[in-house]
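The values are calculated or read from the model by the stated rules, or taken from the named source; none is laboratory data. Here the structure is a predicted model, which is why all the values come from computation and not from measurement. Cβ placement follows ideal geometry from the backbone for every residue including glycine, while neighbour counts extend to all protein chains displayed. The area values use the complete protein model at the heavy-atom level, side chains included, leaving out ligands, DNA and RNA. Shrake-Rupley method; radii C 1.70, N 1.55, O 1.52, S 1.80 Å.
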Amino acid sequence: MGHFINQIVANVVRKTFHSMDVKRDSEQTTPKDIIRFDDITYGNDTQWPDWQLLDVYRPKFVPTSQKLPVIVSVHGGGWVYGDKNAYQFYCMRLAQKGFAVVNFSYRLAPESIFPSSLEDTEKVFQWICNHAEQFGLDTLNVFAVGDSAGSHLLSLYSAALSNQNYAKNFPFIKPKKLTLRAVALNCGKYKFKAPIDGRKYNILIKGYLPQHGTAEELNLVDATLHITKDFPPAFIMTCKGDFYFPQNQYLIDAMEKAGANYEFHCYGTPENPLQHVFHLDPYLQDADLCTKEECTFFKKFLSKNQK
């Protein structure tokens with residue numbers, strides 16, 4: 001019965017979010033200064049092969065023989081919705097700032113439960129290492145952006161890369177010749193509190209976690225409990241009007257306690273609030289400003305060969 005309810009809620013979220021994304025993207029097209037490589041398989045799941053695809057976007061007039069710093073995009077969608085198609089235009093705007101951008105889909109709940117999405121994230125980073133020459137990817141200068149549930153996923157992945165004790169929970173994360181230099185965590189959910197009740201987003205978490213949200217599971221997926229001083233430098237972003245706005249203080253407190261490097265940016269005002277994941281909207285000045293400031297933040301952490 002529980003799985004049935006999880007699936008119903010997931011389907012409602014998918015239908016609602018999809019209609020919003022279609023409306024937002026209806027007049028967007030691939031920029032003329034971008035070259036794209038689409039629908040590349042990075043995984044081996046035969047049941048959900050369409051959820052293990054990625055695209056690569058690069059500035060068109062930079063030859064692939066020239067390696068560019070990389071941004072990996074981890075999409076949002078409440079752990080149950082989203083794919084690379086919903087983020088393609090946002091990611092191409094990032095590529096216009098001088099990056100090669102890897103935009104990927106991952107397996108979703110409740111069909112695929114945690115840690116499948118984290119496994120897919122690791123597979124994408126492995127794919128980058130294995131295809132760096134073919135697509136002109138500088139593995140010494142890799143960055144990542146995530147929003148909403150994608151920001152949560154990216155925060156867990158970043159914690160696993162920088163906290164050896166936490167990484168023991170995920171033996172599929174392997175050493176790689178790759179440096180994740182900084183991340184942007186946008187409008188994210190980071191902390192989970194027991195008990196898990198019947199509210200919509202809690203139902204989504206129930207469908208995301210194998211045991212439906214035990215105290216041990218909630219601690220495992222609570223990014224604020226696993227941050228160390230070695231956590232990648234983070235651009236933490238929210239806005240006035242974001243329903244996850246209070247979550248940022250949990251993350252900031254954890255970063256401060258650990259002595260980790262971060263910047264906090266809040267867009268909009270109480271008089272002119274924005275909305276959750278506003279940065280995906282190409283028609284908002286604040287979205288354009290956020291994209292510019294995140295890319296500027298990343299460029300501060302480039303290795304010497306890229307500066």
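Looking at the range 113-238, the pairs of alpha carbons with a distance over 17 Å make up 59% of the total.
Listed peptides 128-134, 41-47, 95-101 appear in the order 95-101, 128-134, 41-47 once ranked by packing, highest mean of other Cβ atoms within 10 Å at the front.
Coordinate range of the alpha-carbon atoms in the range 1-157 per principal axis, descending: 54, 34, 27 Å. Taking amide hydrogens as placed 1.01 Å from N in the peptide plane, the amide H of V145 sits under 5 Å from those of V72, S73, V74, A184, each at least 5 positions away in sequence or on another chain.
Here the 3J(HN,Hα) profile of the range 291-301, calculated from phi with Karplus coefficients 6.51, -1.76 and 1.60 at θ = phi - 60°, is 4, 4, 6, 5, 5, 4, 4, 4, 5, 5, 10 Hz, Gly and Pro shown as x. Protection proxy ranking for 282-291, 145-154, 117-126, 264-273, using the average of other Cβ atoms within 10 Å per residue and placing the highest first: 145-154, 117-126, 282-291, 264-273. Computed from backbone phi with θ = phi - 60° and the Karplus coefficients 6.51, -1.76 and 1.60, the 3J(HN,Hα) list for the range 166-179 is 5, 4, 4, 6, 9, x, 6, 7, 10, x, 9, 7, 7, 10 Hz; x is used for glycine and proline.
Taking amide H positions as modeled 1.01 Å from N, with prolines and chain starts lacking one, the residues under 5 Å from C239 and 5 or more places away or on another chain are Y267.
Between the alpha-carbon centers of the range 23-37 and the range 148-188, tell me the distance in whole angstrom. After rounding, the separation between the Cα centres reads 29 Å. Look at the dipole of the range 114-179 built from charges on Cβ: of L140, N165, L154, the Cα furthest out on the positive end belongs to N165.
What the Cα atoms of the chain give is an Rg and a Dmax of 18.1, 56 Å. The solvent-accessible area of T228, taken with every protein chain present and a 1.4 Å probe, is close to 40 Å². Rounded to the nearest 20 debye, the dipole magnitude of the chain is 560 debye, with +1 charges on Lys and Arg beta carbons, -1 on Asp and Glu beta carbons, and the Cα centre as origin.
A simple rule links phi to the HN-Hα coupling: the Karplus curve 6.51 cos²θ - 1.76 cosθ + 1.60 with θ = phi - 60°, which for the range 202-212 gives 6, 4, 5, 5, 4, x, 7, 9, x, 9, 6 Hz, with x for Gly and Pro. In the context of the full set of protein chains, the range 32-185 has a per residue accessible area of 35 Å² (1.4 Å probe). A 28 angstrom limit on the alpha carbon distance is what I want to check against. Which of K15/K292; K193/K229; K193/K292; K15/K206; K257/K304 exceed it? Where the Cα-Cα span goes over 28 Å, the pairs concerned are K15/K292; K193/K292; K257/K304.
Carbon-plus-sulfur fraction of the accessible area of the range 90-175, 1.4 Å probe, in percent? About 48 percent, which is the carbon plus sulfur part of the accessible surface.
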